[in-house]
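Asker: My structure is below; once you've seen it, I'll send some questions.
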Amino acid sequence: MPRAEWIPPGHRTRAEDIRFRLRKLDGASAWTWKHWGDFIDSTLYLASTWVIPALLAITLHEAAHGYVAKLRGDDTAWQLGRVSFNPLKHVDAVGTIALPALLLLMHAPFLFGYAKPVPVRFDRLRNPRRDMVSVAAAGPAMNLALAILAALLVHVVALLPPEPERWFLANLAHSIELNVILALFNMIPIPPLDGGRVAVGLLPDFLAAPLARLGRYGMSIVIGLLFLLPLLAAQAGFRLDLFTRLVERPASALIGAILVLTGNH
């Protein structure tokens, strides 16, 4: 995403202030606590502003898949207790704990993670092809709804005293950023990502069938294209940042639209 320019607080609109915090909040939090001489406290404070947004984003994303699947005829996830607000039902040791923790320790510019996929038996859906689109789209739709809700809550946080306001606004800023990034990343049209499921459901058979067969290799393809290929290109002297083009730039534009839609301008 574009770097935030510093604008004096008295001259910033609400949208500019949230954008500024989205790009600079982590560094500012870390600098403040380092200035007090405690890097561990800095990391703990930073983690405290990411944990709640991350758990809500991942948990409700997966629960939304299971809930819509039940409405469409498949109660597999419901019977297994996966349509739940309890994050422990969805935790993946690597994707929900290890990966986000590593990114936090590295003070990465964004947090990323994933949960255990919700089991869906598409053959049990009333209209498998049509309903597959609804089930797949439910997760990203939930993330966008959470981002909009977080942006709306900014108006309430502004009523708090300065210190609580700073912490709550950090949580909301991270919630907006994380949910938008998760929604867009998951809508990349390669199965088993949600966007791949949507594409398989919408494309004609002669295109949907070969795309569906990519499912077992899909995550390897995504990781290769978005992360490994850019590293190899950099070694060869080329800049190939597909993640920025496919996710970060659209996310920046979408965040701006959400802030305007929710009156944060």
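Asker: Sort 236-244, 198-206, 50-58, 121-129 for me by packing, meaning the mean count of neighbouring Cβ atoms within 10 Å per residue, highest on top.
Answerer: The most tightly packed comes first, giving 50-58, 198-206, 121-129, 236-244.
Asker: Quick one: dipole size for the range 163-265, taken about the Cα centre, charges +1 on Lys/Arg Cβ and -1 on Asp/Glu Cβ, in debye to the nearest 20.
Answerer: I would put it at about 360 debye.
Asker: Also: In what sequence do Leu46, Leu149 fall when counting other Cβ within 10 Å, fewest first?
Answerer: Leu149, Leu46
Read the figures in this text as sums done on the coordinates, not as results from a lab. Keep in mind that this is a model prediction, so the values were computed, not measured. Quick reminder, even Gly has a Cβ in these numbers, built from the backbone with ideal geometry, and neighbours come from all protein chains shown.
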